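Quick notes on the structure that follows.
The values are calculated or read from the model by the stated rules, or taken from the named source; none is laboratory data. Treat the numbers as computed from the prediction; the structure is a model and nothing was measured. Don't worry about glycine lacking a Cβ; one is built from the backbone with ideal geometry, like all the others, and counts go over all protein chains shown. We work out accessible area using only protein heavy atoms, side chains counted, and drop any ligands, DNA or RNA first. Shrake-Rupley method; radii C 1.70, N 1.55, O 1.52, S 1.80 Å.
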Amino acid sequence: MTLTRVRLARLVDHTLLKPEATLADVRALAAEAQHLGVFAVCVSPSVLTELGDLGGVAKATVCGFPSGKHTSAVKATEAAQAVADGADEVDMVIDIGRLRAGDVAAVREDIETVRTAMPATTLLKVIIESAALTDEQVVAACEAAEAAGAQFVKTSTGFHPAGGATVHAVELMARTVGDRLGVKASGGIRTWADAVAMVEAGATRLGLSGTRAVLEGGDAGTGY
C-alpha cells in the first residue's frame, strides 16, 4: 500500500500529554485532529471531558503515566474513570523495573488488572518503554501483554531518557505479536520519513505530537 497523507493520518494518535498543556491547547488539538483526519486524539485523563464531540475521531488517554510505578489498583481505577469520561482507548505503562528484574508474571497481572477494569470494547495499549529494555525483555513484555488480553503493544511514553521508538524495536515487537495485536510506535517520530519507516517496520498506529508537520512532509500532490 502506498502511503498518502490521508492514509498515514488514519494511523495517527494525535497526542498532547505535556503537563503544562492548557485547556485551550487541548481544545485546539481536538479541532486540529478533525481537520487532519487522524484516527484518535490522546490526552491526559484530567482533560478527557474537554474534548467534546470529535466527529468520529476516537478518544484515547493514558494510565500509570509516565513512570508505570503506580499500583495495579490505582491504574485500574484510573482506566475505569477514563472510560466513564469518554475514553475509547487507554494506553497503560507497565512497571519497567519489574520487567527488567525478570518478574514477567507481575507485569502480566498488572496488565490483566487494568484490562478487567474496562469494558471489552475499550482498546488497551500496553506501553513497554522499549528503549530501556533488551531485546529479550521486549519480547517478554509483548508476550505478557498478549497473554493479559491487550490489543496493542506500544514502544514508548515519549518521556523516558532512554529514548523513543526505533525501527528495530518496532520490527521486533511486530514479529513477536504477529497480526494478533497492533503495534504503536511513539516517541521521537518527527518527520514523514520517520513515520514511513515505522509503518514499514510493522507499526499499525503512530503516536505523534507534531502530526501536522509530519503529514506536510509527504507528497505535496496529495490532499488531506
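Numbers below:
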| quantity | calculated |
| --- | --- |
| In the stretch 52-88, the residues that are part of a strand (DSSP E or B) and open to solvent by 20 Å² or more (accessible area, probe 1.4 Å) | 59 |
| Top-ranked residue of the stretch 1-21 - restricted to ones that are aliphatic (A, V, I, L, M) and not in a loop (DSSP other than H, G, I, E, B), ranked as nearest to residue 182 (Cα to Cα) | 12 |
| First in the stretch 110-124 and more than 19 Å from residue 96 (Cβ to Cβ), second anywhere and in a helix (DSSP H, G or I) and open to solvent by 30 Å² or more (accessible area, probe 1.4 Å), Cβ under 7 Å, 6 or more apart | 117/80; 118/80; 118/83; 119/83; 122/83 |
| Hits in the stretch 22-51 - residues which are open to solvent by less than 60 Å² (accessible area, probe 1.4 Å), part of a loop (DSSP other than H, G, I, E, B) and more than 27 Å from residue 193 (Cβ to Cβ) | 44, 51 |
| Answer from 124, 172, 206 - the residue that is open to solvent by less than 50 Å² (accessible area, probe 1.4 Å) and not in a strand (DSSP E or B) | 172 |
| Test: residue 139 is in a strand (DSSP E or B), surrounded by 16 or more Cβ atoms within 10 Å (Cβ to Cβ) and modelled with pLDDT of 95 or more | no |
| Filter result (touching a Lys or Arg at 6+ places or on another chain (Cβ under 7 Å) and closer than 20 Å to residue 133 by Cβ) within the stretch 75-109 | 91, 92, 95, 106, 107 |
| Any hit, the stretch 144-153, residues being open to solvent by 10 Å² or more (accessible area, probe 1.4 Å) and part of a helix (DSSP H, G or I) | yes |
